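To start, the structure under review is shown below, and the notes come after it.
Bear in mind these aren't lab numbers, they're just calculated from the coordinates by the rules spelled out. It should be emphasised that the depicted structure is a prediction, and the values quoted were computed from it without experimental measurement. FYI the Cβ positions are ideal-geometry reconstructions off the backbone, even for glycines, and counts take in every protein chain you see.
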Amino acid sequence: MFLDRAGGAYKPGPTDSTTNTSDLVNQTTIISAWTVAEPTWQAMTACVAQKFAPFNITVTEVDPATATHAEIVFAAAASVPTLQTASNVADSACQNGVTGKVKNPIAFVNITSLTDPNAVCAAVVVAIGSGLGLDTTKACPDAMTFQNASCLTAAFSSTAIACDATALGLMTGCACSAGTTQNSYQMMSAAVGLCN
């Protein structure tokens, strides 16, 4: 997982982090570097690393270039129109209860509305989870929700929690798995494996 605070140019097209192409932008988009205070950046990256520590995921600040990777781009809301009303935008491969992973996903995290390192961390975690085939959840404690401040530091839950869309009455089941609940720890384990 590449945490990109340097910005860069992102082209429209099928999402592929190895070529900086994303279906989340509709024209070539230049993302400016995030001039975040170093203590805030360090707190946020430590939070992300800690949330993903049980799983076979490497968190890096060095661009893996053409190697397979997920990329989180920290962007001002004005840079990516869909960010104006969201903390993050990310692709999801889930359809009708069938889990899938986005190959080489790119997600954008809104640095305009998020200033607390834990809130930025929560947005990163949800964006990565979405790309790996997890639903957002409505209840605490679970890393796939950031609905209220008390949940910002939650880990991936090993208990069944209602999916967000189900709890809100928007769907009758989870988008990414059968039923109305998900165990995000088990789903992360299935998607990427556990650390040895």
Could you check how many percent of all C-alpha pairs in the chain are farther apart than 26 Å?
27
Assign unit charges at the C-beta atoms only (+1 for Lys and Arg, -1 for Asp and Glu), then state the dipole size of the chain relative to its Cα centre in Debye, rounded to the nearest 20.
200
Say we join alpha carbon atoms closer than 10 Å with springs in a Gaussian network model of the chain; which of ALA93, ALA107, ALA178 then has the biggest fluctuation?
ALA178
Only helices at least 20 Å long along their axis, Cα-based, and averaging -1.0 or more on Kyte-Doolittle count here, so list those DSSP H runs from the chain.
38-52, 117-131
For a bin width of 10 Å, list the pair-distance distribution of the range 16-76 built from all Cα-Cα distances, rounded to whole %.
17, 45, 34, 4
With the dipole of the range 24-126 defined by +1 on each Lys or Arg Cβ and -1 on each Asp or Glu Cβ, the option from TRP41, CYS121, PRO54 whose Cα lies farthest towards the positive pole is PRO54
